[in-house]
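Have a look at the structure below, then the notes.
The values are calculated or read from the model by the stated rules, or taken from the named source; none is laboratory data. The model shown is predicted, which means the values in this text are computed figures rather than measured ones. No Cβ is skipped: glycine too gets one built from the backbone with ideal geometry, and neighbour counts run over all protein chains shown.
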Amino acid sequence: MKCLIIDGYNAISKIKVFDAKKDISLESSRLSFIKALVDFRRRNRSFDKIIVVFDGKSEGLGLEREAYGDVEVLFSNKDKDADKVIIDILKISSGKNKITVSSDDNSIKNHARAFSCRIISIKELEDLIILKKKASRSKIIEKDIGDKDQDAITNELKKYWGVE
């Protein structure tokens, strides 16, 4: 099974579109990020499962795990931060699955290397999950035409439309 493991808050803080939503609320930013991952998973099947790990949510909600289809969201508890949860997942899953880890955190990247996982930067993750609009390439070659040519075109159009 091909699995993508993401250091959640590391990604959110480095991807501008999600970081900007932190002004509204951290939950808004987190949910926007999760929605983008669900949309990515729906249109791109390069990973069988995506796991996002965040540092613990407020204890009042008592949530440790949420599932959105093939996107699983884990929240660390007060005894373990998200980095340790990711490292534990790597220990348990290494050799069983093809794992790709996305983080810019050196500790996580070093552990991922130690467990022979593929590593992608947060920038690479951003490029993967967010549809980049490519500049449209027009086949029309722009060239500046003179006033004389513009007047000729205008007069011809006037005749054609019967406006003269």
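In region 65-94, how many residues are touching a Lys or Arg at 6+ places or on another chain (Cβ under 9 Å) and under 23 Å from SER107 (Cα atoms)? Adding up the residues that qualify gives 6.
Region 1-105 holds helices (runs of 4 or more DSSP H) entirely within its bounds, and those carrying 3 or more residues that are more than 13 Å from the chain's Cα centre (by Cα) and surrounded by fewer than 17 Cβ atoms within 10 Å (Cβ to Cβ) map to 26-43, 82-93.
Against the criterion of being more than 16 Å from ALA11 (Cβ to Cβ) and either modelled with pLDDT under 90 or not small (Gly, Ala, Ser) (or both), GLU59 qualifies.
For region 110-119, the condition of being modelled with pLDDT under 80 and surrounded by 13 or more Cβ atoms within 10 Å (Cβ to Cβ) holds for none of the residues.
Would you confirm, using the coordinates I've provided, whether ASP88 is out of contact with any strand residue (DSSP E or B) (no Cβ under 7 Å at 6 or more places or on another chain), modelled with pLDDT of 80 or more and farther than 18 Å from MET1 by Cα? So ASP88 fails the test. Scanning region 22-43 finds no residues that are more than 24 Å from ASN97 (Cα to Cα) and in contact with an Asp or Glu (Cβ under 6 Å, 6 or more places away or on another chain). Assuming LYS16 fulfils every condition listed in (1) modelled with pLDDT under 90; (2) closer than 16 Å to LEU125 by Cα apart from one, which condition is it? That leaves (1) as the condition not met.
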